[in-house]
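A short worksheet on the structure shown next.
We did not get these values from a lab; they are worked out from the coordinates using the rules stated. Predicted model, so just to flag it, every value in this text is computed and none were measured. FYI the Cβ positions are ideal-geometry reconstructions off the backbone, even for glycines, and counts take in every protein chain you see.
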Amino acid sequence: MADLFPRSAAYDESWVRENRMGPNVLWLAESLAERMTLEPGMRVMDLGCGKGLSSVFLAREFGVEIWATDLWIKPTANWERIKEAGLEGQVHPIYAEAHQLPYAEGFFDAIVSLDAYHYFGDADLYLENVVRFLRTDGEIGIVCPGFRREVGPDDVPAYLSWYYGIGAYSFHSPDWWRNHWRKTGLVEVTCADEPPESDAMWEEFIPHTEPQEQAAIRDDAAGERVLNFARVVARKR
């Protein structure tokens, strides 16, 4: 996949495999960076960073300073990975819940969230909670699992019913996210689309998940292809 994700291809596959928590987060980060302005010295929050792979990637590739923020992974563990990457002073591990972020308002130039925002950001009031930490004209960008069309409990494909029942009801289409953010009046949405590599992202994920999830993804690929990823970027007004 070096032709699709040339930056990610330079990273040790075993490092990615040992620390992954879902779809290949380097691919998600590289895809998002294509639609955002990330420049050396920018202050960036990586919200829901997991084991910090995306934080290391963005810091190395774009020279930004990252606050690697997560609730599930303790900062001491992430700090070890940051030191191994030689990024002390450029990537800062933070332990925080998405609704209780310990930052100054207007502090960040950009906020990114990869394979995480759908866990908390689909609430109507959440965007207001997080964009206050952005400076005016700062960008927020997400990539998260989604659907090509909106799916409800009455029209979910049978082969996805198990997947839907364990949380895929938080998956949404790019248009849904566009409207979800635009209605607040807080941001100007500059991108809401499906990355062209969505199918490859799901296919790459199959060997790294549970058998039932593997079956659902394979059945979707052979059928309607409802699963995709949503890539959304907006600028704070």
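Here's the yes/no breakdown for (1) assigned to a helix (DSSP H, G or I); (2) under 13 Å from the mean Cα position of the chain (by Cα); (3) at negative phi; (4) without any contact (Cβ under 8 Å) to a residue 40 or more places away in the chain:
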position: E30; (1), (2), (3), (4): yes, yes, yes, yes
position: D46; (1), (2), (3), (4): no, yes, yes, no
position: S55; (1), (2), (3), (4): yes, yes, yes, yes
position: L58; (1), (2), (3), (4): yes, yes, yes, no
position: W67; (1), (2), (3), (4): no, no, yes, no
position: R81; (1), (2), (3), (4): yes, no, yes, no
position: L87; (1), (2), (3), (4): no, no, yes, yes
position: H92; (1), (2), (3), (4): no, no, yes, yes
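Restricting to segment 188-202, give me the number of residues that are exposed (fewer than 15 other Cβ atoms within 10 Å of the Cβ) and either of a type in the set (G, A, S) or within 17 Å of L227 (Cα to Cα) (or both).
1
Only residues that are under 15 Å from the mean Cα position of the chain (by Cα), closer than 14 Å to G146 by Cβ and not in a helix (DSSP H, G or I): list them for segment 195-237, please.
P195, E197, N228, F229, A230, R231, V232 - these are the residues of segment 195-237 that are under 15 Å from the mean Cα position of the chain (by Cα), closer than 14 Å to G146 by Cβ and not in a helix (DSSP H, G or I).
Does at least one position in segment 7-19 carry a residue that is in contact with a Ser or Thr (Cβ under 9 Å, 6 or more places away or on another chain), buried (at least 20 other Cβ atoms within 10 Å of the Cβ) and either touching a residue at least 12 places away in the same chain (Cβ under 8 Å) or assigned to a helix (DSSP H, G or I) (or both)?
Checking segment 7-19: not a single residue is in contact with a Ser or Thr (Cβ under 9 Å, 6 or more places away or on another chain), buried (at least 20 other Cβ atoms within 10 Å of the Cβ) and either touching a residue at least 12 places away in the same chain (Cβ under 8 Å) or assigned to a helix (DSSP H, G or I) (or both).
Does A29 satisfy the criteria of being crowded, with 16+ Cβ neighbours inside 10 Å and more than 23 Å from I217 (Cα to Cα)?
Taking the combined requirement at face value, the residue does not satisfy it.
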